[in-house]
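The values are calculated or read from the model by the stated rules, or taken from the named source; none is laboratory data. Predicted model only: the values in this text are computed from it and were never measured. So basically every Cβ, Gly included, is an ideal-geometry build from the backbone, and we count neighbours across all protein chains shown. The protein model used for the area step is the full one, side chains on, heavy atoms only, and it has no ligands, DNA or RNA in it. Shrake-Rupley method; radii C 1.70, N 1.55, O 1.52, S 1.80 Å.
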Amino acid sequence: MHTNTAWQMNMAPEAPPVERFEAVIVGGGMVGTALCALLAQAGMRVALVEAQPTPLSLQQATNALPAPRVSALTPVSQRLLTHLGAWPAMQQTRVTPYRGMQVWDAEGSGEIAFSADEAGVLVLGHIVENAVTLAALNSQVIEHPNVATFFGVSIQALQRANQNAETQASGGDWLVLGDGRQLHAPLIVAADGAHSSLREMAGIEVVSDAMQQDAVVTTVQCAKPHGGKARQAFIDGRPLAFLPLTVADDDRYCSIVWSTTPEHAAELCDSSLSALGDALAQALGHRLGRVTVCDKAHRFPLVQRHARQYVQEHFALVGDAAHSIHPLAGQGVNLGLMDAAVLAEEVVHAWQRGAPWGALSTLRRYERRRRFDNAAMLALMKGFKVLFGSHNPMLTLARNLGMSGMNQQVPLKRILMRQATGERGRLPLTCR
């Protein structure tokens with residue numbers, strides 16, 4: 001039977017039109033959304049692609065009980081969020097400043113205390129629920145005229161400009177969405193987390209270091225007020241952090257993060273809330289009195305990762321897609337936000353000059369500015385784990401003497417605090 005091939009071709013559904021942007025960001029978390037806001041506010045046409053079906057709103061982020069996942073935002077990150085217009089909304093929702101920090105070795109007498117006064121700053125940082133930060137950033141991009149959002153879609157393929165003659169002449173890469181739509185841009189950014197599928201599509205390898213620890217997180221209420229101090233105890237190499245939260249003017253709440261062995265983490269999560277509270281109070285040396293657990297405990301494995309490269313032609317990694325870090329110092333999101341700020345600065349500068357902003361030469365400037373700082377922080381966190389995880393009596397004595405001795409050295413502590421508050425290297429203009 002004769003088949004009219006031409007008729008069949010004419011009746012075939014038309015391919016979705018290609019949508020063109022100046023940048024496409026995959027991943028609508030805090031880092032990806034911050035980068036989207038930075039580029040859009042500079043005047044660039046940006047697409048934000050996120051697998052979650054709907055953007056998180058400030059109303060959704062505001063619950064009577066704080067969300068379990070929080071971050072210790074540095075003053076540098078605060079300045080970036082202020083520049084983006086997100087910080088005022090966050091302040092109206094829930095942020096908790098902390099002006100002091102206590103760190104001690106539960107196996108000895110070593111202890112060190114930091115204060116904002118010694119550092120010459122108003123605060124050392126703010127503890128903020130991740131949901132609050134993300135919702136405030138969403139409010140800056142969802143209705144922005146330069147932003148097109150694609151929520152509830154997956155990524156089907158990444159087509160590189162060098163794969164065929166048609167895309168090579170286009171001056172950018174193509175992203176094929178799960179629903180068949182195609183997005184084209186001179187710059188595609190992977191901000192889709194530690195298990196980035198887009199990074200895998202680009203063929204970028206990562207160096208992984210399993211920490212043999214799980215993080216247990218939950219929210220607690222203590223008998224004593226936290227006094228605006230973050231506290232961290234090293235217990236047999238398992239750091240326990242009590243991060244201050246203020247809920248409805250009650251400053252007895254804390255977000256806890258206990259990085260411990262997988263077996264101990266499972267035991268904690270399987271405990272009753274009462275038993276977990278007792279374990280937390282004892283581990284903290286009862287410094288905040290009785291501990292009442294307000295929510296179920298969550299656990300997740302800790303793995304440090306670092307991508308072998310951050311950039312390719314027309315392609316870049318930011319945030320956890322480029323590096324994931326032990327939560328010991330609460331620096332993960334701060335490193336990611338700095339990635340976003342530096343990448344935006346380099347890309348916008350090239351775009352404003354009429355230079356190819358997705359070119360490898362442009363993107364490598366971002367990589368050079370961020371890779372060393374991220375690698376140094378990753379190495380520092382691994383060093384802390386080794387130092388405080390050792391049972392060698394001489395090393396235990398040395399670290400306790402070292403902590404106590406450093407506590408008397410205010411100039412040295414001031415340098416350390418400046419580093420911890422994000423005042424490192426050449427900061428982008430949006431963070432100064």
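Look through the stretch 125-149, keep the residues that are among the hydrophobic types (A, V, I, L, M, F, W, C) and open to solvent by 10 Å² or more (accessible area, probe 1.4 Å), and return whichever of them is farthest from His83 (Cα to Cα).
Ala148
Look through the stretch 369-401, keep the residues that are modelled with pLDDT of 90 or more and over 17 Å from the mean Cα position of the chain (by Cα), and return whichever of them is most open to solvent (accessible area, probe 1.4 Å).
Within the stretch 369-401, the match that is most open to solvent (accessible area, probe 1.4 Å) is Phe372.
Here is a list of conditions, (1) open to solvent by 70 Å² or more (accessible area, probe 1.4 Å); (2) closer than 20 Å to Ala233 by Cα; (3) within 27 Å of the chain's Cα centre (by Cα); (4) not hydroxyl-bearing (Ser, Thr, Tyr), and Ala265 meets all of them except one; can you say which number that is?
With respect to (1) open to solvent by 70 Å² or more (accessible area, probe 1.4 Å); (2) closer than 20 Å to Ala233 by Cα; (3) within 27 Å of the chain's Cα centre (by Cα); (4) not hydroxyl-bearing (Ser, Thr, Tyr), Ala265 is out only on (1).
Listed here are the residues, each with its yes/no results for (1) more than 20 Å from Val303 (Cα to Cα); (2) surrounded by fewer than 23 Cβ atoms within 10 Å (Cβ to Cβ); (3) at pLDDT 95 or above.
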position: Val216; (1), (2), (3): no, no, yes
position: Pro239; (1), (2), (3): no, no, no
position: Pro244; (1), (2), (3): yes, no, yes
position: Arg252; (1), (2), (3): yes, yes, yes
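What are the residues in the stretch 403-413 that are open to solvent by less than 40 Å² (accessible area, probe 1.4 Å) and of a type outside the set (D, E, K, R), if any?
Met403, Gly405
Report yes if Ala341 is within 21 Å of the chain's Cα centre (by Cα), touching a residue at least 12 places away in the same chain (Cβ under 8 Å) and not in a loop (DSSP other than H, G, I, E, B), otherwise no.
So Ala341 fits the description; yes.
Hey, could you check the stretch 57-89 for residues that are of a type in the set (Gly, Ala, Ser) and over 14 Å from the mean Cα position of the chain (by Cα) and say which is farthest from Cys294 (Cα to Cα)?
So the residue we want is Gly85.
Restricting the first residue to the stretch 398-426 and requiring it to be within 19 Å of Ala106 (Cβ to Cβ) and touching a residue at least 40 places away in the same chain (Cβ under 8 Å), which pairs with a second residue that is exposed (fewer than 13 other Cβ atoms within 10 Å of the Cβ) and among the polar types (S, T, N, Q) meet a Cβ separation below 7 Å and a spacing of at least six or different chains?
Listed pairs, sorted by first residue: Asn400/Ser109; Ser404/Ser109.
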